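Enquirer: Below you will find the structure I want to go over with you.
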């Protein structure tokens, strides 16, 4: 009986080794796949949050200077920079129309020391 067990182990150790290695690889793959999914979800949340912040900044800047009927060059640059980043993140809604209207405002002298964006 012992001799049969030893013969069986000797004859099949490679198959058992590969079966064990395969099981380990499958477990590692599933773990890696889950981590990748979690990272994608987290990246999506960060991207959406950043997009929302940029949209709000664009809206705030546009509304402030639309009330004044003019905007300084530095405010237009700041808004354009935020808008470009917003667009790259997939933003395409109210902020687009506001950006277009904002860019039509005439330039003012825009003293940085007396004005703030927020």
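Enquirer: Among the residues of the range 80-99, which ones are farther than 12 Å from residue 52 by Cα and without any contact (Cβ under 8 Å) to a residue 24 or more places away in the chain? Spell out the reasoning first.
Expert: So the first thing to find is which residues in the range 80-99 are farther than 12 Å from residue 52 by Cα, and the list is 80-81, 84, 88, 96-99.
80, 81, 84, 88, 96, 97 - these are the residues of the range 80-99 that are farther than 12 Å from residue 52 by Cα and without any contact (Cβ under 8 Å) to a residue 24 or more places away in the chain.
Enquirer: Say whether the condition of being outside any loop (DSSP other than H, G, I, E, B), surrounded by 13 or more Cβ atoms within 10 Å (Cβ to Cβ) and over 27 Å from the mean Cα position of the chain (by Cα) is met by at least one residue in the range 43-65.
Expert: yes
Enquirer: For the range 97-111, what are the residues that are surrounded by 10 or more Cβ atoms within 10 Å (Cβ to Cβ) and modelled with pLDDT under 85? First the steps, then the outcome.
Expert: Initially, the range 97-111 is screened for residues surrounded by 10 or more Cβ atoms within 10 Å (Cβ to Cβ), giving 97-103, 105, 107-108, 110.
Answer for the range 97-111, where residues must be surrounded by 10 or more Cβ atoms within 10 Å (Cβ to Cβ) and modelled with pLDDT under 85: just 110.
The values are calculated or read from the model by the stated rules, or taken from the named source; none is laboratory data. Computed from a prediction, not measured in an experiment: that's the story for all the values here. Cβ sites come from the backbone with ideal geometry, for glycine too, and all protein chains shown count toward neighbours.
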